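Written out below as structure tokens is the structure these notes cover.
The values are calculated or read from the model by the stated rules, or taken from the named source; none is laboratory data. Quick caveat: nothing in here was measured; it's all calculated off a predicted structure. Neighbour counts are summed over all protein chains in view; Cβ atoms, including those assigned to glycine, are modelled from backbone coordinates with ideal geometry. Ligands, DNA and RNA are excluded from the accessible area calculation, which covers all protein heavy atoms including side chains. Shrake-Rupley method; radii C 1.70, N 1.55, O 1.52, S 1.80 Å.
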Amino acid sequence: MTVPLPVVFIHGLWLHSTSWQPWTELFRDEGYDPSAPGWPGTPDTVEEARQNPESIAGHGIDDVVEHYAALIADLPTRPVVIGHSFGGMIAQKLLGQDRAAAAVAIDAAQIKGVLPLPLSALRATFPVFKNPANKNRSVSLTAEQFRFAFGNAVSEEESTALYERWTIPAPGKPLYEAASANFNPHSPAKVDTENSGRGPLLLISGGKDHTVPETVTRATLKQYRHSEAVTDITDFPDRGHSLTIDDGWREVADTVLTWLRQQGLETGR
């Protein structure tokens with residue numbers, strides 16, 4: 001009997017891992033073996049995470065990478081890793097380390113070497129950077145801040161509903177690490193973009209994304225120019241940073257499934 005291919009979903013800042021539930025159900029129906037573990041220190045539910053905001057504070061990029069690497073080591077085979085926002089950066093790092101069979105990075109946070117820093121991205125992350133002490137704290141978004149950073153391409157009503165359902169506090173440390181990446185030769189935001197033996201990578205961008213604008217994803221693609229491995233990009237011109245959780249999530253998910261099949265990463269059915 002063929003073992004289903006594992007798929008590990010990695011959330012980003014301010015969203016709980018359970019926000020991947022529609023995706024995990026779809027991928028299971030398609031014959032994959034999906035899981036969506038939370039970041040280190042993140043409680044099992046949205047409510048618990050809100051009640052214990054400091055449980056995730058202080059965790060940086062390397063902590064998160066090693067957390068997922070340990071989980072992957074227990075799987076029967078190398079998985080596909082699918083990450084959103086900072087989860088997209090983590091997915092790229094795991095792929096570059098040959099810990100994954102393939103990776104999909106959706107509106108991925110800036111990796112080392114990416115230079116564009118659009119004003120909208122600065123505004124979206126201002127709740128963290130407004131106080132240097134937030135580097136070692138957890139930070140929550142207001143509904144208005146979430147609307148700008150995530151829900152600007154959907155109705156205000158839907159943005160509020162997404163905020164109330166999925167948002168949790170997030171550690172400030174990864175943002176500080178990413179912001180200083182190009183000044184630090186040993187930055188944890190560095191990805192092995194020259195690895196030609198790695199599995200295929202799909203970058204996905206939302207054309208209306210304020211937090212990770214399309215220019216950032218395009219600049220990320222250029223970082224892979226010295227690798228002979230498959231590196232593809234897909235744009236959703238009318239989508240914002242909420243594209244994995246809003247009412248258009250299925251279009252993005254179906255695009256990912258189609259791409260995986262094109263790479264020969266079939267299910268175990």
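Ligands, DNA and RNA left out, the accessible area of the stretch 1-150 computed with a 1.4 Å probe is 52% carbon and sulfur.
Think of a 1.4 Å ball rolled over the protein heavy atoms: the stretch 12-122 then has 36 Å² of accessible area per residue. Normalised by residue number, the volume inside the convex hull of the Cα atoms of the stretch 65-219 is 124 Å³ per residue. Calculate log10 I(q)/I(0) of the stretch 179-269 for q = 0.15 Å⁻¹, where I(q) comes from the Debye formula with a single equal point scatterer on each Cα and nothing for solvent. Values, matching the q order: -0.72. Excluding ligands, DNA and RNA, the accessible surface per residue across the stretch 212-269 is 49 Å² with a 1.4 Å probe. Within the listed set 192, 62, 29, the residue fluctuating most in the Gaussian network model of the chain (springs between alpha-carbon atoms under 10 angstrom) is 29.
Between residue 226 and residue 122, the contour length at 0.36 nm per residue exceeds the Cα-Cα span by 34.5 nm. In straight-distance terms, cross-link reach from residue 130 covers every one of the aspartates and glutamates whose alpha-carbon lies under 19 Å from its own, apart from those fewer than eight places away in the same chain; here that gives 54, 144, 177.
State the percentage of accessible surface on the stretch 158-199 attributable to carbon and sulfur atoms; use a 1.4 Å probe and exclude ligands, DNA and RNA. It is 50 percent, rounded to a whole number. Here the average projected area of the convex hull drawn through the C-alpha atoms of the chain stands at 12.9 nm². The coefficient of translational diffusion for the stretch 1-113, derived via Stokes-Einstein from the alpha carbon Kirkwood radius under 37 °C and 0.692 mPa s, stands at 230 µm²/s. The slack between residue 48 and residue 131, meaning 0.36 nm per residue of separation minus the straight C-alpha distance, is 27.4 nm. The GluC sites (Glu not before Pro) of the stretch 128-194 include none that DSSP puts in a loop with a beta carbon having at most 13 other beta carbons within 10 Å. On full extension, the segment bounded by residue 98 and residue 161 gains 18.9 nm, given 0.36 nm per residue less the C-alpha separation.
Other residues lying with their Cβ under 10 Å from the Cβ of residue 138 contribute a combined charge of +1, Lys and Arg counting +1, Asp and Glu -1. Of all beta bridges DSSP finds with both residues in the chain, what is the antiparallel percent, to the nearest 5? Close to 10 percent.
Averaging Cα coordinates gives a centre for the stretch 53-90 and one for the stretch 162-181; these two points are 14 Å apart. Between 230, 81, 191, the residue with the greatest mean-square fluctuation in the GNM of the chain (Cα pairs under 10 Å linked by springs) is 230.
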